[in-house]
Amino acid sequence: MTTDRGIHEQISELVAREHDLRARLQAHEIEPAEEHARLRDLEAQLDQCWDLLRQREALRNAGDDPAAASVRPVNEVEGYLG
């Protein structure tokens, strides 16, 4: 996930996993509690990916190396207020 393309590929994979979870819930293959817990994890990973893309863009716009961006901890990304 070191390039924008790699990050977008990861996002696509996570979204596909999210859709699969929702389909499995509707098919009664998993319990709602399991789906909910797994969705929370996927959403946190998605937030990290989007945050990383924003960091890379900000660095690029400032004339810096986007490779200097790094994945931030979930509690930091999820704690943003605006």
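Every number here is computed from the coordinates shown, using simple stated rules; none is lab data. Computed from a predicted structure; not experimentally measured. For neighbour counting, all protein chains shown are included, and Cβ atoms are generated from backbone atoms with ideal geometry for every residue, glycine included.
Residue-by-condition table, conditions (1) surrounded by 10 or more Cβ atoms within 10 Å (Cβ to Cβ); (2) farther than 16 Å from Thr2 by Cβ:
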{"site": "Arg24", "(1), (2)": "yes, yes"}
{"site": "Ala33", "(1), (2)": "no, yes"}
{"site": "Leu46", "(1), (2)": "yes, yes"}
{"site": "Leu52", "(1), (2)": "yes, no"}
{"site": "Glu78", "(1), (2)": "yes, yes"}
Which listed residue is free of Cβ contacts under 8 Å to residues at least 24 places away in the same chain and surrounded by 12 or more Cβ atoms within 10 Å (Cβ to Cβ), from Arg5, Arg17, Arg60, Arg56: Arg60
